[in-house]
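Remarks on the structure that follows.
The values are calculated or read from the model by the stated rules, or taken from the named source; none is laboratory data. Quick caveat, the model's predicted, so the values are computed rather than measured. A quick note on method: Cβ atoms are made from the backbone with ideal geometry, for glycine too, and the neighbour counts reach across all protein chains shown. The protein model used for the area step is the full one, side chains on, heavy atoms only, and it has no ligands, DNA or RNA in it. Shrake-Rupley method; radii C 1.70, N 1.55, O 1.52, S 1.80 Å.
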Amino acid sequence: MTVPIAVVGPTATGKSDLGLDLAARLDGEIVNIDAMQLYRGMDIGTAKLPVAQRRGIPHHQLDVLAVTETASVATYQRAAAADVEDIVARGRTPIIVGGSMMYVQALLDEWEFPATDPAVRARWEQVLAEQGVAAVHAALRAADPVAAATILPTDGRRMVRALEVVELTGQPFAASAPTIGAPRWNTVILGVDRDTAELDARIERRTALMFQTGLVDEVRGLIDHGLREGVTARRAIGYAQVLAYLDNEYDLKHAEERTFIGTRRYVRRQRSWFRRDPRVRWVDGADPDLLGAALRAIETPHAIETRPAIETPGAIDSTERTPQ
């Protein structure tokens, strides 16, 4: 069986280019695992590779959602798994590329998500809307103190989900977390990282380029397609800040600065998450022979120790690349 390769790690480290190089070398196809790149039209702010730069290599799980739709880890898990298995069945190598933490864990650990109940969810969403995040946090603290301690107290959507799971299952939210062991399909997981100062400089340059090359116009166009009505898309880093600028909350320079700060904060969370996963084989994105280093890492035996999940499911918002 062809073994998939996952290329994960913090934003702006060079994952996309390495993924393309690996796909070219290993007769592969790319499977996106960046939650915000699922959205059609969200191109500049997500650093989505233009079609002309994809070297003719097929890409999957890009542009599959309208900005009015809610990104779902469970829905992605099913669709991406089908893509991976189809690529393998055709004798090619799936190259899974991106840094959305829970999406990576869901796909590679076959995370089984608890069922949902629209009535229960709606009741807690009403509490959130009418009484605010403090009331929802208090309810969660009473029902599941561990989840309340790990979910950001400003993350109302995630707390609502935790309360729903606790009510439906009668178990703590963490009980649904997967076990970290051999990854699905025996996938080889490569992590790409860089020196922190260098990475911060790359993020700053990338952010400036996004604003220089039309991010504001992209957001204006997406508003016409319902961006403001979307639950997850409008909260993505860069898009949330531009919407605030368009609403005269602050000037454009401040929007750019907040986008940079939000991205840098998100990168720290990604690094912390992936560094705790003992299955990841790390390479330096600044290595002049990055492809060679990656191929050597793939070929080197790597022991895997089965243990509990990296964090409880409530430790991070399931909506990736969103500001906090």
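Data overview
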| read-out | value |
| --- | --- |
| Cα→Cβ-extended label distance, 7 Å offset, between Ala208 and Leu152, nm | 2.6 nm |
| Positive-end residue, the chain charge dipole about Cα centroid, Cβ charges, pick of Val3, Ser272, Trp185 | Ser272 |
| Theoretical gain in end-to-end length, Lys253 to Ala74 [0.36 nm per residue, Cα-Cα removed] | 60.8 nm |
| For Ile189, distant residues with modelled amide H under 5 Å away | Ala6, Arg281 |
| Rounded to whole Å, sorted largest first: equivalent-ellipsoid semi-axes of the chain, Cα gyration tensor | 30, 26, 18 |
| Charge dipole of the chain about the Cα centre (unit charges at C-beta), most positive-ward option of Ala197, Phe211, Ala236 | Ala197 |
| Probe 1.4 Å, protein heavy atoms only - accessible area per residue of the chain in square angstrom | 43 Å² |
| Which of Gly221, Leu152, Leu163, positive extreme of dipole for the chain (C-beta unit charges) | Leu152 |
| Förster radius 45 Å - calculated FRET efficiency between Asp117 and Ile223 (Cβ-Cβ, nearest 0.05) | 0.85 |
| Virtual paramagnetic centre 7 Å along Cα→Cβ of Gln53, amide N under 14 Å, in region 1-32 | 12-21 |
| Point-to-point label distance, Glu130-Ala201, nm (Cα→Cβ direction, 7 Å offset) | 5.5 nm |
| Percent accessible area from carbon and sulfur atoms, the chain, protein chains only, probe 1.4 Å | 51 percent |
| Estimated vicinal HN-Hα couplings, Hz - region 228-233 in sequence order (Karplus 6.51, -1.76, 1.60; Gly, Pro = x) | 5, 7, x, 7, 9, 4 |
| Kirkwood Rh, angstrom, region 56-134 [1 / mean 1/r, Cα pairs] | 15.3 Å |
| Full-stretch length increase - Asp284, Val231 - with 0.36 nm per residue and alpha-carbon distance subtracted | 15.6 nm |
| Under 5 Å, built H, 5+ apart or other chain: amide partners of Gly28 | Thr93 |
| Value of relative contact order over the chain, rounded to a whole percent, pairs C-alpha under 8 Å and six or more apart | 28 percent |
| Cα centre as origin, Lys/Arg/Asp/Glu Cβ charges: the chain dipole, Debye | 320 debye |
